[in-house]
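**Student:** Could you have a look at this structure, given as structure tokens, before my questions?
The values are calculated or read from the model by the stated rules, or taken from the named source; none is laboratory data. All figures in this text were calculated on a predicted structure; none of them were measured in a lab. With ideal geometry, Cβ positions are generated from the backbone for all residues, glycine too; neighbour counts draw on all protein chains shown. Surface accessibility is based on the protein's heavy atoms, side chains included, excluding ligands, DNA and RNA. Shrake-Rupley method; radii C 1.70, N 1.55, O 1.52, S 1.80 Å.
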Amino acid sequence: VQLVESGGGLVQTRGSLRLSCTASGSTFSLRTMGWYRQAPGKQRELVATITSGGGSTNYADSVKGRFTISRDNAKNTMYLQMNSLKPEDTAVYYCNTVAHPRLPWGQGTQVTVSS
């Protein structure tokens, strides 16, 4: 399975972006997936998760109320709608499974929020 993230960019504080994660292979719809991010000099952190059918989601406290995770299993695609962005959201964003073993990491998509 290959993961490809897209949709990042440069946005001003309080702006919005929608990230996409497209997965190859046939097992995407069976997996609980997550969005992760890694800021410069920091460890990668999990910011949002969604169960295989999309019925349950969870968020890190830092993004709760601002980010929304969703998925379209028919398209093998997961999304992250990011609203009210803050400079501290600046990071490279990745998608992957929540459970181990993880899939090979994609290249990520850079999100930069200017103040």
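**Student:** Considering the range 40-64 alone, what residues qualify as being under 21 Å from GLY106 (Cα atoms) and open to solvent by less than 20 Å² (accessible area, probe 1.4 Å)?
**Tutor:** Scanning the range 40-64 gives VAL47, ALA48, ILE50.
**Student:** Next question. What is the one condition in (1) within 19 Å of HIS100 (Cβ to Cβ); (2) surrounded by fewer than 15 Cβ atoms within 10 Å (Cβ to Cβ); (3) among the aliphatic types (A, V, I, L, M) that ALA74 does not satisfy?
**Tutor:** Of (1) within 19 Å of HIS100 (Cβ to Cβ); (2) surrounded by fewer than 15 Cβ atoms within 10 Å (Cβ to Cβ); (3) among the aliphatic types (A, V, I, L, M), only one is false for ALA74: (1).
**Student:** For THR22, only one of the following conditions fails: (1) open to solvent by less than 40 Å² (accessible area, probe 1.4 Å); (2) in contact with an Asp or Glu (Cβ under 9 Å, 6 or more places away or on another chain). What is its number?
**Tutor:** Just one mismatch for THR22, condition (1).
**Student:** Which number in (1) open to solvent by 30 Å² or more (accessible area, probe 1.4 Å); (2) closer than 18 Å to GLN2 by Cα; (3) of a type outside the set (Gly, Ala, Ser); (4) at pLDDT 95 or above marks the one condition that TYR36 misses?
**Tutor:** Unmet for TYR36, out of (1) open to solvent by 30 Å² or more (accessible area, probe 1.4 Å); (2) closer than 18 Å to GLN2 by Cα; (3) of a type outside the set (Gly, Ala, Ser); (4) at pLDDT 95 or above: (1).
**Student:** For the range 64-115, enumerate the residues that are touching a Lys or Arg at 6+ places or on another chain (Cβ under 6 Å) and at pLDDT below 95.
**Tutor:** Selection gives nothing.
**Student:** Exactly one of these conditions fails for THR68: (1) part of a strand (DSSP E or B); (2) under 18 Å from LEU3 (Cα atoms). Give me its number.
**Tutor:** Only one criterion is unmet by THR68, namely (2).
**Student:** Restricting attention to the range 1-16, which residues are modelled with pLDDT of 95 or more and either outside any strand (DSSP E or B) or open to solvent by 30 Å² or more (accessible area, probe 1.4 Å) (or both)? Walk me through how you get there before you give the answer.
**Tutor:** Filtering the range 1-16 for residues modelled with pLDDT of 95 or more gives 3-16.
Within the range 1-16, VAL4, SER6, GLY7, GLY8, LEU10, GLN12, THR13, ARG14, GLY15, SER16 qualify.
**Student:** Same structure, new question: Identify, by number, the condition in (1) in contact (Cβ under 8 Å) with a residue 40 or more places away in the chain; (2) surrounded by 15 or more Cβ atoms within 10 Å (Cβ to Cβ) that PHE67 doesn't meet.
**Tutor:** (1)
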